[in-house]
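The values are calculated or read from the model by the stated rules, or taken from the named source; none is laboratory data. No experiment lies behind these values; they were computed from the predicted model shown. For neighbour counting, all protein chains shown are included, and Cβ atoms are generated from backbone atoms with ideal geometry for every residue, glycine included.
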Amino acid sequence: MQAILVPTDFSPNAFKAIAYASEIAKATGASLHILHVIEPTINMASMQTDSSNKKIIDDRIEKLEQTLKSATAVFPEIKLIPFLSGGKVIESILNYAEEKKIDLIVMGTKGAGGLKQFFTGTITSGVVGQTTIPALTIPASLEICPPEIVLLATNQFEKKEKLLNKIFEIPKIFSAQVHVVAFKETNGDENADYIYNEDQLQDYLNVLKDNYPEIVFEGALLQGEDFEREIEEYCSKAGADMIAMVPYPKSAFEQLFERSETKNMVLHSTWPVLAVPAIPSINE
């Protein structure tokens, strides 16, 4: 990992994301890009703007400088790269990430779990929903510490090497265990299906253990009527520090996540959520 991007609106939530990203940067030697986007659009190529626009720019420059000073005071060893942009926020973030060949986007969320933001149309959800780069959402209430257990929630049993390398990069950095969890919806007596899914999960664990011997893997097949509740209960019981998921293109994503039992899923702010898109970046 060489470059991490943290978009900021100068809120405490955004600084929490900077702090978490800095821990990753410190462990990997990655540079940390801090981006602020001014909306509505201001022509940043020319400072010949009216006085009100210039005042906005000056104010944001000052806030960006203050953010850098605060981050440097806590993480003096991190290389910080600030950038001020004007335009549509989501588009600007996505363009910057592609142009600078960013490896990970880290964003704060406002008091609700990362996956809730995915369904509510916020800036964070827009970025996570459109980027082809791994994105990590950091809840405002999170007490920052290196992850010890990462929960990988999957029903697809992903096996592509490039995708898995991205999923397991953070667990490898922090020597974290990975709990692979699949969900089986309760729907009458379907013991055969349950056994089939359990066999699939065990085969998948064997593949992961063979390819990533440095990671300790565990597996669980959850069964119930509420995906959200089952995941939350498992996270609490297992002491998970992060949840990893793989968003797919719309048609497959809808099949996986927008079924009736998962449509209203909300992950509590206790856990960061790592979304690793199934679609590769154009930089790959």
**Request:** Mind listing just one residue for me: the one in the stretch 153-172 that is assigned to a loop (DSSP other than H, G, I, E, B) and closer than 23 Å to Leu222 by Cα and, of those, modelled with the lowest pLDDT?
**Result:** Asn155
**Prompt:** In this structure, is Gly29 farther than 15 Å from Val273 by Cβ and modelled with pLDDT of 85 or more?
**Reply:** yes
**Message:** Looking at (1) surrounded by fewer than 17 Cβ atoms within 10 Å (Cβ to Cβ); (2) closer than 25 Å to Ile133 by Cα; (3) at pLDDT 80 or above; (4) among the small types (Gly, Ala, Ser), which one does Ser251 not meet, given that it meets all the others?
**Reply:** (3)
**Fill in**
Taking first residues from the stretch 221-250 that are within 17 Å of Glu148 (Cα to Cα) and second residues anywhere that are among the charged types (D, E, K, R), the pairs with Cβ under 7 Å that are 6 or more apart or on different chains are Asp241/Glu148
**Request:** Being surrounded by 15 or more Cβ atoms within 10 Å (Cβ to Cβ) and part of a helix (DSSP H, G or I) is the filter; apply it to the stretch 207-229 and report the residue that is modelled with the highest pLDDT.
**Result:** Leu208
**Prompt:** Got at least one residue in the stretch 41-58 being in contact with a helix residue (DSSP H, G or I) (Cβ under 7 Å, 6 or more places away or on another chain), modelled with pLDDT under 90 and crowded, with 17+ Cβ neighbours inside 10 Å?
**Reply:** yes
**Message:** Taking the criterion of being out of contact with any strand residue (DSSP E or B) (no Cβ under 7 Å at 6 or more places or on another chain), part of a loop (DSSP other than H, G, I, E, B) and at pLDDT 90 or above, would at least one residue in the stretch 6-20 satisfy it?
**Reply:** no
**Residue among Ser260, Ser269, Ser281, Ser175 that is assigned to a loop (DSSP other than H, G, I, E, B) and at pLDDT 90 or above** = Ser175
**Message:** I'd like the residue in the stretch 103-131 that is surrounded by 17 or more Cβ atoms within 10 Å (Cβ to Cβ) and among the hydroxyl-bearing types (Ser, Thr, Tyr) and, out of all such residues, is modelled with the highest pLDDT.
**Reply:** Thr131
**Message:** Go through the stretch 212-239 and report how many residues are hydrophobic (A, V, I, L, M, F, W, C), touching a Ser or Thr at 6+ places or on another chain (Cβ under 9 Å) and within 18 Å of Gln156 (Cα to Cα).
**Reply:** 1
